[in-house]
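Here the structure is laid out as C-alpha cells; the discussion comes afterwards.
The values are calculated or read from the model by the stated rules, or taken from the named source; none is laboratory data. Small disclaimer: the values here were computed from a predicted structure and weren't measured. Glycine also receives a Cβ, built like all others from the backbone with ideal geometry; neighbour counts cover every protein chain displayed. These accessible areas exclude ligands, DNA and RNA; they are computed on the full protein's heavy atoms, side chains included. Shrake-Rupley method; radii C 1.70, N 1.55, O 1.52, S 1.80 Å.
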Amino acid sequence: GVAERGGAPARPIGLPDQTRRLLRAPWQRRLARRRLGLGARETVIMHVSTLTYSGNLRPGLGMASESTTFDLDRTLIEEVYPALPHRVVFKQYPTQRFPHEPGYDHLFDLADNVSIAKDEDFRYLRAAADVLVTLSPTSTLGWCVGAGAPIVWLASEQVNPLADDDLA
C-alpha cells in the first residue's frame with residue numbers, strides 16, 4: 001500500500017519491500033518445492049535455524065554456545081521433527097559458517113520426513129513453506145514474516161531472548 005508522509009505518497013522499495021512479501025509467490029513456491037523435492041500437496045514445515053556458530057566466542061549476552069546450538073538442532077532433527085506427520089525442511093541460516101563444515105545430513109540420522117536444505121538461499125526457499133519455525137530475533141525474521149506463512153516462534157529466556165515483554 002501507499003503511505004502518506006508530508007502530503008507525498010511513500011512506497012516501500014528494495015529490500016524492505018522484498019522482505020515484506022514474495023513476488024510471484026505461486027511460481028516461487030513451485031520452483032522452491034521442485035528444488036527441494038517436495039510434492040505440491042504436501043504440508044511442509046520449514047525450520048530456519050538462525051543460531052550461528054561463532055567459534056565459541058559468544059558475541060553477546062544470551063548467545064548460545066556451539067554445543068548448545070548443536071544439541072538443540074540435533075534434538076529437533078532427530079527427536080522432535082520425526083514425530084510430525086508432515087515433511088520438514090531444516091535450513092541453517094546463514095548457510096555456511098566455517099570453511100569446512102560437514103552438513104547435518106552427514107552428522108545426524110534423518111527420518112524419512114526430514115531433509116536438510118543446503119546452499120539454497122532462504123529468501124527463495126521460504127516460498128515452499130506452509131509453516132515456518134524459527135527462534136532467534138535476527139534479520140531473518142523479516143524474511144519469515146514476508147513469506148506469508150504462519151510462524152512458530154521457539155521462545156527462550158536463555159538463548160537470544162527477546163528484549164522485553166512487549167516484543168514477546
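A quick yes/no check of all residues on (1) open to solvent by 20 Å² or more (accessible area, probe 1.4 Å); (2) at pLDDT below 95; (3) within 22 Å of ILE151 (Cβ to Cβ):
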residue	(1), (2), (3)
ALA25	yes, yes, yes
GLY62	no, yes, yes
LYS91	no, yes, yes
GLY103	yes, yes, no
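Within the stretch 136-168, can you find the residues that are of a type in the set (A, V, I, L, M), closer than 23 Å to PRO82 by Cα and at pLDDT below 85?
Selection gives ALA155 alone.
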Next item on the list: Give the residues of the stretch 19-37 that are within 19 Å of THR134 (Cβ to Cβ) and assigned to a loop (DSSP other than H, G, I, E, B), sorted by residue number.
Entry: ARG21, LEU22
Check: Which one of these does ASP119 not meet: (1) more than 20 Å from LEU31 (Cβ to Cβ); (2) surrounded by fewer than 13 Cβ atoms within 10 Å (Cβ to Cβ); (3) not β-branched (Val, Ile, Thr)?
Finding: (1)
